[in-house]
Structure formats: C-alpha cells, structure tokens
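The values are calculated or read from the model by the stated rules, or taken from the named source; none is laboratory data. Predicted model, so just to flag it, every value in this text is computed and none were measured. Backbone-built Cβ (ideal geometry, glycine too); neighbour counts: all protein chains shown. Quick note on the areas: whole protein, heavy atoms, side chains included, nothing else; ligands and nucleic acids left out. Shrake-Rupley method; radii C 1.70, N 1.55, O 1.52, S 1.80 Å.
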Amino acid sequence: MLRRFTRAVRIAEILGAVAAVVVLAILFVPRLSSGGNAATPGVEQPDLNVAVVPAVDSAGFFVALHEGLFTAHGLHVTFVPAVSSATVINVQALARPRNRIDISCGNYVSYIQAQENYDLGKRPSSASDPMVAANLDIFAEGSVMGANAQGLYVMPGSRVRTLNNLEGRTIGVNAPGNILYLLAASALADHGLRVSGAHFAYYPLPQMAAMLKAGKITAAVLPEPFASQAELSMGVTQLADLDQGATEAFPVQGCAVTRQWATRHPQTLAAFRTAFEQGQQIANTNRSAVERAMEALPAPFGLTKVQAAVMALDSYPLGAVDVTRVQRVADVMHQFLGFPDFNVGQMTGG
C-alpha cells in the first residue's frame, strides 16, 4: 500500500510544472471579498486572504462571508478558491507579500502530511513545490461528512454498476493521497476490494464531471455541490455513498494557519474564529442561509437555486477541535497510505 501511495506522490512530483500552473490559476481566479468596517481594536491584520475549497464542506465559512459576520468583527476577508488545501499550504508557509494566503480551510490529510514533512526538517522551495511542509495550527473544524455529501459517481449507462466493477478502472480525485482518495480507498476495502486494483487520476473538482463525460475517468469522487451539479447537468449516477464503513461521519476538513502567523496575529485569529463559528452555527440550523451563500459564490463556483436546493449537507462542528475525531484521519492515513503513526493533538493544542 505504501508503494501505491509513493507512486502517486511521484506522479505529482513529475507534474510539478502543472502544479505550478494550477497554483497560479487558483491565486488569480475571481475572488469574493467581505465588506470593510473599521478594524476591531486589537486586530493586528484586518485584511485577510483566506483560501477555501469551494465545496459544501466549507458552508460555515461561506455563510459567515455572505452574512457579513467577518465584517462585523472588523475583518475584510477575501475568499481565494483552492483546488485542495495541498495546493495552498506552501503559499501559507512561505508568507510572500504578493499572493499571500493567511488562512486556509481544506482537507486534514494535506495538513497532516505537511506537518509530518515539517517535523522531518523538510521545507518547500516554492509555492508550487509538490512537497508540502508547514508548521500548522488546526484551529477549527470545518465539517463532518453527512449522508450523500461525498460519493463515487459514474456516467448514466455505465457498465460499472457496483464497486466490484472498478477493478482496473480509473477513479478521479482532486489530489494524490488526499481525503477523497482515502474515502474511495476505504469504500473499496470495505467491499473486499484491493485498493491497488484501481487507478487514480487527478483533476480539479470543477473539471471532474467533464473528465468523467470525456471518458478520461470511469468514476469520480464528487463532494457537494459538484455531485448535484453533475447529476442535474449530466445525469451522473451515484455508485456509492462514501459516508459508510470506516469513514462514516468522517471529519472532512478544517481551517489552519501557520504557527508563526498565529503567534503574530492572536487577536486577528480570535476574531476570525468567532465569526467562523457563528457561520457554523447558522449552517447547522438554517439550510436557506447555506443555499443563499453557495448561490452567491463568484463564477464559476456559484450554484443555481435548483442546485442549491438539492445538494446534501454535512454537519458543521462548533467549539474546540475534537482531537479524537480528527485523529481518525491520521489513523485512516496509516491504514491506506502507509503513513507513520501521527498524533494530531500536536496540531490542535490538544
């Protein structure tokens, strides 16, 4: 299994030039900013660039942005769409003034990989280095997977009718060895299949449905709202709900800063956390607010009213990071990636 993951990582390294283009594309796509009030007294940096994967896993953030909650706490937040947390961690770590990323919200797998690399003394050479490394503080949980919020999908009429039919086929995920890979690997293993028997290809989530339609991949791991968009536009069929087995109610994503940034900006981080948690609370209790926030995202990420109405939602944790819950990610990484034993508590203050 370790050889399988190592091979995937080497593929990503060979495609370093492509990764560089992807990172630059991410940093220059249309951004969405909150309004600007006077900074809250004590806030060290009111203007924040926040990189977030534009999926329903991040609904709490998008609600906070759309409802003006960051603005109410004296912050001017600019949303920077991210393919995966893996594509922006090095931007955070290098802290360049131009195209700076202050905070990111994305999958835990990439955060844990980056911390392990940092602990081993590795450092990225550039923002586009496929090797991610940073000393991180996961300061908030973003989402816990709900039913049908992440799934494996195939084209209508596909000969692939069950997970057993994926032997020797290609599955699309958005980054090597990340959370979507783990969810797919766990589903295959739960059905007695060899994870090494499937091939994995890597495409940004907004492109995944097109790759499925073009036959570049046989199945795609699609989180919401990408799954509902593909269902409505292309009639894709769910092969498996990934909220099952070892990854049922799985912690999908959280928000992180570098330890260095947190030390320099404690009041800014506190203000962001407060507004973010208010967004989480609304996301848990007011579906209409989530729909409005997802509809308001800049093109090409904004949803239609129909898409927003049918998408499945996660649950959005409140309060301090639950270390036991997030530790499940590291444990599944150990199982399917051959990742070393890792204590997530070192990244959460737990």
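Tally the residues that are of a type outside the set (A, V, I, L, M) and modelled with pLDDT under 90, restricting the search to the range 73-99.
So the count comes out to 7.
Out of the residues in the range 71-93 that are more than 20 Å from the chain's Cα centre (by Cα) and of a type outside the set (G, A, S), which is farthest from H265 (Cα to Cα)?
Among them, the one singled out is T71.
Restricting to the range 244-255, name every residue that is closer than 24 Å to Q335 by Cβ and open to solvent by less than 30 Å² (accessible area, probe 1.4 Å).
Matches in the range 244-255: T247, F250, P251, V252, Q253, G254.
Considering only the range 205-253, state which residues are in contact (Cβ under 8 Å) with a residue 60 or more places away in the chain and of a type in the set (G, A, S).
Within the range 205-253, A219, A220, A227, S228, A230, G235, A240, A246, A249 qualify.
I'd like to verify a number: residues in the range 193-239 that are under 20 Å from A175 (Cβ atoms), aliphatic (A, V, I, L, M) and part of a strand (DSSP E or B), how many?
Counting residues in the range 193-239 that are under 20 Å from A175 (Cβ atoms), aliphatic (A, V, I, L, M) and part of a strand (DSSP E or B) gives 5.
Looking only at the range 211-239, how many residues end up being open to solvent by less than 10 Å² (accessible area, probe 1.4 Å) and among the small types (G, A, S)?
5
Can you list residue pairs whose Cβ atoms sit under 6 Å apart, with the first residue in the range 57-77 being over 17 Å from A296 (Cβ atoms) and the second being in a loop (DSSP other than H, G, I, E, B) and of a type in the set (A, V, I, L, M)? Count only pairs 6 or more apart in sequence or on different chains.
Final answer for the pair search is G74/A39; G74/V43.
Tell me the residue from G146, G151, G177, G192 that is out of contact with any helix residue (DSSP H, G or I) (no Cβ under 8 Å at 6 or more places or on another chain), buried (at least 17 other Cβ atoms within 10 Å of the Cβ) and more than 30 Å from P266 (Cβ to Cβ), please.
Among G146, G151, G177, G192, only G146 is out of contact with any helix residue (DSSP H, G or I) (no Cβ under 8 Å at 6 or more places or on another chain), buried (at least 17 other Cβ atoms within 10 Å of the Cβ) and more than 30 Å from P266 (Cβ to Cβ).
From A189, A198, A219, which residue is more than 25 Å from V132 (Cα to Cα) and modelled with pLDDT of 95 or more?
The unique qualifying residue is A219.
Taking the range 154-169 as the search range and keeping residues that are among the β-branched types (V, I, T) and crowded, with 16+ Cβ neighbours inside 10 Å, which one is modelled with the highest pLDDT?
V154
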